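Inspection log for the structure reproduced underneath, given as structure tokens.
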Amino acid sequence: MTASNDASFSCDWSQSSELFAVGSQDGYVTVWDVRSQQKMVQLETYQHGRSRGACRNVKFSPSGSVDLLAFSEHTSYVNIVDTRSFEKRQVLRVGSDTYSDFPDFFAPDSPTLVNQDMQITGLRFAPDSSSLFVGLEESILEYVVDRIGRYSFASSEII
């Protein structure tokens, strides 16, 4: 089984132990069904094709009827995929917004807001899959999973 043509950084098993995911340097996450040893799906990172889009962490939700796959990119983005069909995805930007010291020439009296890329150091679901924690260089962020929306198959966001 080959995940990609580049180095792989992270892997994880689903809660049922039937699915196995591998995240790679080239920005792909590959998921296999181990019962058939067939590749089920290959997902691209949001920043695919750029060095910042390399996949660094892959985690399946560990419990209950919350069946999600989360994977982080090298900087700024976390992807969350519904593993019931692998068709629904939410992308979270975790970089902080900061104000630049450089003036905005189109509105010189207002501060300039810039997006700062943040290195993602890790991610992990809570043991009951109620939250997703994302580690950054200087902080840890918590995102609450909308479990009620997931139980009712709503079309709203996952987090």
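The values are calculated or read from the model by the stated rules, or taken from the named source; none is laboratory data. A quick note: this is a predicted structure, and the numbers were derived from the prediction, not measured. Counting neighbours? That spans all protein chains shown, and the Cβs are built from the backbone with ideal geometry, glycine included. The protein model used for the area step is the full one, side chains on, heavy atoms only, and it has no ligands, DNA or RNA in it. Shrake-Rupley method; radii C 1.70, N 1.55, O 1.52, S 1.80 Å.
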>> Looking only at residues that are modelled with pLDDT under 95 and touching a strand residue (DSSP E or B) at 6+ places or on another chain (Cβ under 6 Å) in the stretch 45-60, which one is farthest from ARG84 (Cα to Cα)?
In response: ARG52
> When the stretch 31-40 is examined, which residues are found to be under 17 Å from GLU87 (Cα atoms) and surrounded by fewer than 14 Cβ atoms within 10 Å (Cβ to Cβ)?
Replying inline: LYS39
> Restricting the search to the stretch 25-44, which residues are modelled with pLDDT of 90 or more, part of a strand (DSSP E or B) and not acidic (Asp, Glu)?
Replying inline: TYR28, VAL29, THR30, VAL31, TRP32, LYS39, MET40, VAL41, GLN42, LEU43
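Condition check ((1) buried (at least 17 other Cβ atoms within 10 Å of the Cβ); (2) under 17 Å from ILE120 (Cα atoms)) across all residues:
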{"site": "PHE20", "(1), (2)": "yes, no"}
{"site": "GLN25", "(1), (2)": "yes, yes"}
{"site": "GLN42", "(1), (2)": "no, no"}
{"site": "GLN47", "(1), (2)": "yes, yes"}
{"site": "ALA54", "(1), (2)": "yes, yes"}
{"site": "LYS59", "(1), (2)": "yes, yes"}
{"site": "GLY64", "(1), (2)": "no, no"}
{"site": "VAL81", "(1), (2)": "yes, no"}
> Does ASP12 satisfy the criteria of being at pLDDT 85 or above and not in a loop (DSSP other than H, G, I, E, B)?
Replying inline: yes
> Is it the case that the stretch 94-101 has a residue that's at pLDDT below 90 and β-branched (Val, Ile, Thr)?
Replying inline: yes
> Taking the stretch 57-97 only, how many residues are out of contact with any helix residue (DSSP H, G or I) (no Cβ under 9 Å at 6 or more places or on another chain), β-branched (Val, Ile, Thr) and in a loop (DSSP other than H, G, I, E, B)?
Replying inline: 2
> Does at least one position in the stretch 118-135 carry a residue that is open to solvent by less than 10 Å² (accessible area, probe 1.4 Å), of a type in the set (S, T, N, Q), assigned to a loop (DSSP other than H, G, I, E, B) and modelled with pLDDT of 90 or more?
Replying inline: yes
> Can we say ILE148 is exposed (fewer than 14 other Cβ atoms within 10 Å of the Cβ), on the phi < 0 side of the Ramachandran plot and modelled with pLDDT of 90 or more?
Replying inline: no
